[in-house]
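Structure record follows, encoded as structure tokens.
The values are calculated or read from the model by the stated rules, or taken from the named source; none is laboratory data. This is a predicted model, so every value here is computed, not measured. Every residue, glycine as well, gets a Cβ built from its backbone with ideal geometry; the counts of neighbours run over all protein chains shown.
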Amino acid sequence: MSELDKAIEQLRACRPIPEPQVRELCHKARELLIEEGNVVGVDAPVTICGDIHGQFHDLMELFRVGGDVPDTNYLFMGDFVDRGFYSLESFLLLLCLKVRYPDRITLIRGNHESRQITTVYGFYDECLRKYGSANVWRYCCEVFDYLALGALVTGAASNLPPSSAPFADPATAANMASDTSDVEIEILNSAGQITNRFPRQRRSPHQPQQQAPQPNSQPSSSSQDADVDDAPPPDSQATLSPSPSQSQGTNQLPSQTGAPGTSASSGARSQNDGGAILCVHGGLSPLIDTLDKIRLLDRKQEVPHEGAMCDLLWSDPDEIDGWGLSPRGAGFLFGSDIVKCFNHKNGLSMVARAHQLVMEGFKEMFEAEVVTVWSAPNYCYRCGNVAAILELGEDGSGGGYVPKSNGDVGRSLGLGGWEGPVNGEMRRMGGPGRRYRVFEAAPQDSRGMPAKKPVADYFL
Amino acid sequence: MSELARSFAAQKLADLPKEPPQPLPATPEDREDEYSSESSLSSTGTVLPSPSQHLVPAPPVQWTKYFAQELFLQHKLPSADEAKYHVYLTQPANLKSPLFVCHHGAGASGMSFAPFALSLRAALPSAGILSIEARQHGSSILNPDGDTVNDFSIAVLRDDLANMITLVRERLGWSSLPPIILVGHSLGGAVAVELAQKGILGTSLLGYVVIDVVEGSAIEALKYMQGILSSRPSSFLTLESAIDWHLRSRNLRNRESAAVSVPSLLRRTADGKWAWATDLAITQPFWEGWFQGMSQKFLSAKGAKLLILAGTDRLDKDLMIGQMQGKFQLQVVPEAGHFVQEDAPEKTAEMVVEFFKRNDRSALVLPPKVSDLIAQGKKV
């Protein structure tokens, strides 16, 4: 077994590796990352993950739910560190996996991958506590500077291949379309059972929005008419849950392409004809109107306080028109007009991003032109949210899906058409087939957690 | 200096002849309404003792180093109670320049923002700063019989703050309110949030800054507060020993700030000692009401929001979610204690000024909307 494999094994057990080994790992990682462009090209199938924030045990749960590396391809959209108690183990494990399987895992930078932020929000203190010096923190920060700013996923299937995963609730199953050839969105729980499924909408003016998946579709919210109480409580679900290999198996396709998110096939197309997905930690920037402008940035630096690089890592989508000031103090708010324009111009079907806590684990906005994926369940051990990962399948059989690209449908409508019903027509195609796996926090192992801080002395 | 040396020094001080430093801005009765102009500053310039000299009782630090004027504002409340508010003020350069309205925490005083005010003005010379004093903290509220009114509910504290802003405007003859940033420390944060949420200041309110108070952790800490209060010395022999106690107990961590703010917390008693000016025990029934629901108000009120904390672990669930959803700006000053603006006045001022500049509507230019570009016939 190689040194690297040993390190992976040790980190999987949530035990830090020795400082010299971290140094070497970081050195190798930098050599690898320096070769990546600011926008890394990634072929579907891939599983997209949001913030982790040092919640190591939940990262293990994520791998259990989504499949292990290298069986599943992963794209992590940053914020690996801070807040949780195991930032070090989480980040080093991901970094080891990156070095070991460079084509299977993609890491891009979040706003917490920064010297300034990590000194305040925990990662620096954790390194100091675990190694007695700041060296490891310094090595990691050097790696942060080399992380890509975004990723472009191409070759994603427009429809989800039919899966034989069981339904969590048979009553829901009865309500759902039996025709599985045209599934746009499928939501699964951590036991690998389908909790919801949405066929691709043929939106017409008469079809009210409620038919479409709610923008912030909670796994159970759309099936409220079904008897939710039938769903087994989390405990019994856990006992019902198949082992990771089984859950992979249940998703196996009849074809050879493999389940979405798995790497059974690697012959993905690389062109944008299906509408690529841009993955970035925060969002868009007023200084960036084309992907090429991201590619031209000099990223090998600490995250600046303003400018395009800062915005990509800090901005948030919001229900506004145009741009807004971000309440965070960095980055911008951007409205649906901005995203639609950007996606259209760049041949994108969707922007996937993280950065914002979503209680339901994921949230689609602006007719699915933007999705937020959040992968830290019960964030900071107190927020009570669930987490999600997004699986995109490989485009092998995406029949019936008219690719959206430059010069395509809707172009001729002119640009006045972003508002009003006409545009609903233009946007009817929506994004790629999306399978969300929602999961809860792993049972907490309290070892290694710092003792609760004493309350402040004086607080009036 | 070691703990031992400090306590030794304190003892030494106690033994020194009690040559009383002149009482500071002592009781309101001693002072007339006065307008000190900037030019009078030079005559009252005071020298702070350097750490090595601090065995010598310090000359009292005057508010005049930090603010241009103090005002006493008489006001009859709807309850028929008579208010005599006390505030420190440096006017903004004009009514387009921002006014930072500061509200101290319980048991503190308007001087809690004194070094902060200096740093703020250094960074933003056109800014005005109004540091108010709450009832029983420098302002007094008397009922028609002349007795002190002991109502400290959040609503009356909020109205006091609103009244003081209005009265200052009237006194100075401002035609309108300048853009206002509320800055509240601890209880003051709760009052600021309450005022922001009520929308009393209308569009004049640009934003609000809350310093080191979060509903969850504050309410959790309340049960220890009685113990903490009862373990404080009830009086000090000298002002210097009071300053020293604040530093030794780590309540305050910046000698310059402590030298300014601590004397304002104390009043001379008949036997020549220095006792607390504010009886916090009588405010106890109101404590929970100060902080209850504060996180939701903080998140839902209109205006830009900045939370400055001494430690990240002070966020409660609501604010943790709010922060991670990008609803407000959080700044952490790990080197500071609870009195962030006193322990790190420059850094706090820098954060607040940056916050203002970012949210300054007069300077704000956002990139155009897509629809506007289209209207202009531009290709997007």
Restricting segment B:223-236 to residues that are among the hydrophobic types (A, V, I, L, M, F, W, C) and at pLDDT below 95, the residue that is nearest to B:A275 (Cα to Cα): B:L229
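Which residues, taken from segment B:236-266, are without any contact (Cβ under 8 Å) to a residue 60 or more places away in the chain and within 22 Å of the chain's Cα centre (by Cα)?
B:A242, B:H246, B:S249, B:V262, B:L266
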Candidate set: segment A:377-390, residues that are more than 8 Å from every other protein chain (Cβ to nearest Cβ) and not in a strand (DSSP E or B); chosen: the one surrounded by the most Cβ atoms within 10 Å (Cβ to Cβ): A:P377
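A:R353: among the basic types (K, R) and touching a Ser or Thr at 6+ places or on another chain (Cβ under 9 Å), yes or no?
In short, yes.
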Restricting segment A:330-352 to residues that are under 30 Å from A:A29 (Cβ atoms) and facing another protein chain (nearest Cβ under 9 Å), the residue that is farthest from the chain's Cα centre (by Cα): A:A330
Tally of residues being surrounded by fewer than 19 Cβ atoms within 10 Å (Cβ to Cβ) and small (G, A, S) across segment B:278-302: 4
Cβ pairs under 6 Å, 6+ apart, first in segment B:212-235 and closer than 24 Å to B:M294 by Cα, second hydroxyl-bearing (S, T, Y): B:V213/B:S186; B:E215/B:S295; B:I228/A:Y458
Unique match (being assigned to a loop (DSSP other than H, G, I, E, B) and either within 13 Å of chain B (Cβ to nearest Cβ) or modelled with pLDDT of 95 or more (or both)) among A:Y401, A:Y458: A:Y458
Residues of segment A:93-117 that turn out to be within 21 Å of A:K300 (Cβ to Cβ) and assigned to a helix (DSSP H, G or I), as a count: 7
Residue check, B:A270 in a loop (DSSP other than H, G, I, E, B) and either over 22 Å from B:D343 (Cβ atoms) or in contact with a Pro (Cβ under 9 Å, 6 or more places away or on another chain) (or both): yes
Residue ID - nearest to the chain's Cα centre (by Cα), chosen from residues in segment A:359-376 that are buried (at least 24 other Cβ atoms within 10 Å of the Cβ) and under 30 Å from B:D313 (Cα atoms): A:V373
Count of segment B:106-154 residues which are of a type in the set (S, T, N, Q), more than 14 Å from every other protein chain (Cβ to nearest Cβ) and assigned to a helix (DSSP H, G or I): 1
Residues of segment A:279-303 classified as under 20 Å from A:G329 (Cβ atoms) and loosely packed, with under 14 Cβ neighbours inside 10 Å, total: 1
Residues of segment A:356-367 classified as modelled with pLDDT of 95 or more and assigned to a loop (DSSP other than H, G, I, E, B), total: 7
Pick from segment B:234-257, criterion in a loop (DSSP other than H, G, I, E, B) and within 13 Å of chain A (Cβ to nearest Cβ), ranking: surrounded by the fewest Cβ atoms within 10 Å (Cβ to Cβ): B:R250
Restricting segment B:331-380 to residues that are assigned to a loop (DSSP other than H, G, I, E, B), in contact with a helix residue (DSSP H, G or I) (Cβ under 8 Å, 6 or more places away or on another chain) and surrounded by 14 or more Cβ atoms within 10 Å (Cβ to Cβ), the residue that is nearest to the other protein chains (Cβ to nearest Cβ): B:K369
Members of segment B:287-313 that are facing chain A (nearest Cβ under 8 Å), in contact with a Gly (Cβ under 8 Å, 6 or more places away or on another chain) and in a helix (DSSP H, G or I): B:T312
Residues of segment A:317-329 satisfying the condition of being surrounded by fewer than 21 Cβ atoms within 10 Å (Cβ to Cβ) and more than 8 Å from every other protein chain (Cβ to nearest Cβ): A:D318, A:E319, A:I320
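Suppose the filter is without any contact (Cβ under 8 Å) to a residue 40 or more places away in the chain, polar (S, T, N, Q) and within 30 Å of B:G227 (Cα to Cα); does B:T348 pass it?
Considered against the rule, which asks whether it is without any contact (Cβ under 8 Å) to a residue 40 or more places away in the chain, polar (S, T, N, Q) and within 30 Å of B:G227 (Cα to Cα), B:T348 comes out as no.
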Residue check for B:V260: modelled with pLDDT of 95 or more, within 30 Å of B:F355 (Cβ to Cβ) and crowded, with 16+ Cβ neighbours inside 10 Å: no
Of all residues making up segment B:181-213, the number that are buried (at least 24 other Cβ atoms within 10 Å of the Cβ) and either more than 25 Å from B:S131 (Cα to Cα) or not acidic (D, E) (or both): 21
Residue in segment A:73-96 that is without any contact (Cβ under 8 Å) to a residue 60 or more places away in the chain and of a type in the set (S, T, N, Q) present: yes
Output for segment B:186-233, where each listed residue is of a type in the set (V, I, T), over 23 Å from A:C383 (Cα atoms) and within 14 Å of chain A (Cβ to nearest Cβ): B:V191, B:V209, B:I228
Verdict on B:G326 being crowded, with 16+ Cβ neighbours inside 10 Å, facing another protein chain (nearest Cβ under 10 Å), in contact (Cβ under 8 Å) with a residue 24 or more places away in the chain and part of a loop (DSSP other than H, G, I, E, B): no
Residues being crowded, with 16+ Cβ neighbours inside 10 Å, in a helix (DSSP H, G or I) and over 23 Å from the mean Cα position of the chain (by Cα) - total across segment A:1-18: 3
